[in-house]
Amino acid sequence: MNSGLETFGQPDHERWMREALAEARKAEAKEEVPIGCVVVHGGIVVGRGHNQTESLQDPTAHAEMIAITAAASALGSRRLLDCMLYVTLEPCAMCAGAIVLSRIPCVVYGADDPKAGAVTTLYSLLADSRLNHTCEVIREVLAGECSKMLSDFFEMLRKQKKNGQ
């Protein structure tokens, strides 16, 4: 695993993570868990997504799933071989599986997920050599901002629940 900020000629992972944070704010505006994702190919965002599980009533409508689907459509291929995925929270097992299946070579994420993280925290699916694909992982890019957005959101939910809203 790489903790550096230079991969595939991308000197500024923070730039793309800020794009993912902008997607997370879209989720937050819809009262969804604020997680955002972008897929970058050749210095261009080819897929964007934010959590929509509540608004779509779809348990698979995670930011990564939506961004991967959009990128595959934009590139006309299910294999995203020359892409990088940026997401504000460590991917879960479902999303890590989709990353493996789409052959994304590098994932950059913001905050660790101690409850469902399947990249480094609970599992290491993207580094598991028993699978048909592994990828490089760069973690904790803008981790403070990503984590704060999530903790502020859940704090607001707790206050609403306490106030009977």
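Comparing Cα centroids, region 98-130 and region 20-48 end up 18 angstrom apart. Would you mind telling me the antiparallel percentage of the DSSP bridges in the chain, rounded to 5? The answer is about 60 percent antiparallel.
Using a probe of 1.4 Å on the protein chains alone, the accessible area found for ARG15 is around 130 Å². The Cα atoms of region 53-107 define a convex hull whose projected area, averaged across directions, is 3.8 nm². Maximal additional length on extending the ARG15-MET156 stretch stands at 48.0 nm, based on 0.36 nm per residue less the C-alpha distance.
Label sites at SER55 and SER73, each approximated as a point 7 angstrom past Cα along Cα to Cβ, lie 1.4 nm apart.
What a 1.4 Å probe finds exposed on the chain is 52% carbon and sulfur by accessible area, rounded to a whole percent.
Axis angle, to the nearest 10 degrees, between helix 143-162 and the longest C-alpha principal axis of the chain: 30 degrees. When ASP112, ASP128 are compared by accessible area at a 1.4 angstrom probe, the order from most to least is ASP112, ASP128. Remark: the Cα gyration tensor places region 85-131 in the oblate category, a/c being 1.5 or greater and a/b not exceeding b/c. Converting phi to 3J(HN,Hα) with the Karplus coefficients 6.51, -1.76 and 1.60 and the offset θ = phi - 60°, region 105-120 yields x, 8, 10, 10, 10, x, 8, 5, 10, x, 9, 9, x, 10, 10, 9 Hz in sequence order, with x at every glycine or proline.
If each of ALA22 and ILE44 carries a label point 7 Å out from its Cα toward its Cβ, how far apart are those two points in nm? My value for the distance between the label points is 1.6 nm. Would you be so kind as to identify which of ILE66, LEU80, ALA29 lies farthest towards the positive end of the dipole of region 1-119, taking Lys and Arg as +1 and Asp and Glu as -1 on Cβ and the Cα centre as origin? Value: LEU80.
Can you pull the accessible area of CYS92 for me, 1.4 Å probe, Å² to the nearest 10? About 30 Å², rounded to the nearest 10. Annotation: per residue accessible area for region 91-135 equals 42 Å², rounded to a whole number [probe 1.4 Å, protein chains only]. For GLU136, the accessible area of its heavy atoms, probed at 1.4 Å with every protein chain present, is near 60 square angstrom.
The values are calculated or read from the model by the stated rules, or taken from the named source; none is laboratory data. The structure presented is a predicted model; accordingly, all values stated were derived computationally and were not measured. As a convention, Cβ positions derive from the backbone with ideal geometry for all residues, glycine included, and neighbour counts pool all protein chains shown. These accessible areas exclude ligands, DNA and RNA; they are computed on the full protein's heavy atoms, side chains included. Shrake-Rupley method; radii C 1.70, N 1.55, O 1.52, S 1.80 Å.
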